[in-house]
Amino acid sequence: MKKINGYIVAPFTPLHQDGSLNLDVIGSYADLLVRSELDGVFVCGSSGEGGLLTTEERMLVAEKWMEIAAGRLKVIVHTGTTNINDQLALAAHAQQIGVYAIAAMAPMFLGPKRIEELGNFCKTVSNAAPELPFYYYHIPALNGINIPVMDVLKYAEKEIPNFAGVKYTYDNMYEFDQCMRYQNGKYDMLHGLDETFLSGLTFGCESGVGGTYNHCFGLYKNMRKAFEAGDLSEARELQHLSHLFVNVLIKYRGNIVGGKRMMKFLGIDCGPNRIPLQTITDVEEESMKQDLKEIGFFDFCNK
């Protein structure tokens, strides 16, 4: 199965102030991402508040991204939610509208505890879209599931014909390296923790899915160029700059909340967050803007 060998952004889901979908924003959003030289979008993942949207809303978001981005950006649809029937519907719909691939994190409520359960979960979802590549989304910090990914690969090799790889959002580079090398690099390992982007490069990773790609993909693009040119000093400086940016995100409740409001500074107003998330206030927005100025964000952000 062909690997992505590129960088996929996890976009936010634009909402009106009343909490309804604001799909009209996706056109200008996609234009920004294309200008920033991103390769695709990971729709309705954690950054996109997918688990807080209805199945119908998620289908509408996926359809809009396909309408706007087809031919310019790969569209990967995340199906993860707590209800397996909703996941199957989302996967089948994704295949119907012709997306590039689907991905799923295991449910955080009554989630799998053994590889047999996790493997069967992945197999069931992937079977709903057999014509599409399927990616397992590993994100223990969010869903609390940390079954060894090597076990997932071994299971998938035998049981999931359309298994493409893993969106690996975790800091265990020991495990990541082994997964990268499994069966001579058979599977696509999408690096998903922006704070360790440089570490991923050192292990030969040439693809990723990132939330902060929304704001400053140039840092990562230039980090890869510096690394490939052997300029490790420059690469480390760029990674440090991304850490300073992440520090601001952490101060304002993380990428899903703070990062979503930051898009307003780039000309893309994604609106509020879904309850129970608490949207950034106007006072916080002004404070956040000042913090971003202090680290030079407006010099290196996407434009």
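Note on the range 25-50: residues that are touching a residue at least 40 places away in the same chain (Cβ under 8 Å), assigned to a helix (DSSP H, G or I) and within 16 Å of the chain's Cα centre (by Cα) total 3. Of the residues that sit in the range 248-299 and are among the β-branched types (V, I, T) and surrounded by 13 or more Cβ atoms within 10 Å (Cβ to Cβ), which one is nearest to the chain's Cα centre (by Cα)? For the range 248-299, the residue satisfying everything is I256.
Does D269 satisfy being touching a helix residue (DSSP H, G or I) at 6+ places or on another chain (Cβ under 8 Å) and among the charged types (D, E, K, R)? Answer is yes for this residue. Looking only at the range 255-274, decide whether some residue is small (G, A, S) and not in a loop (DSSP other than H, G, I, E, B). The answer is yes; a qualifying residue exists. Would you say G40 is within 24 Å of E131 (Cβ to Cβ), surrounded by fewer than 16 Cβ atoms within 10 Å (Cβ to Cβ) and in contact with a Lys or Arg (Cβ under 9 Å, 6 or more places away or on another chain)? No.
Criterion applied to E206, E237, E195 was being in a loop (DSSP other than H, G, I, E, B) and acidic (D, E), and the one residue passing it is E206. Screening E67 against (1) part of a helix (DSSP H, G or I); (2) touching a Gly at 6+ places or on another chain (Cβ under 7 Å) leaves a single unmet condition, (2). From the list G185, G192, the lone residue that is at pLDDT 95 or above and buried (at least 20 other Cβ atoms within 10 Å of the Cβ) is G192.
The values are calculated or read from the model by the stated rules, or taken from the named source; none is laboratory data. Values in this document were obtained by computation on a predicted structure and should not be read as measured data. Note that each Cβ is placed from the backbone with ideal geometry, even for glycine, and that neighbours are counted across all protein chains shown.
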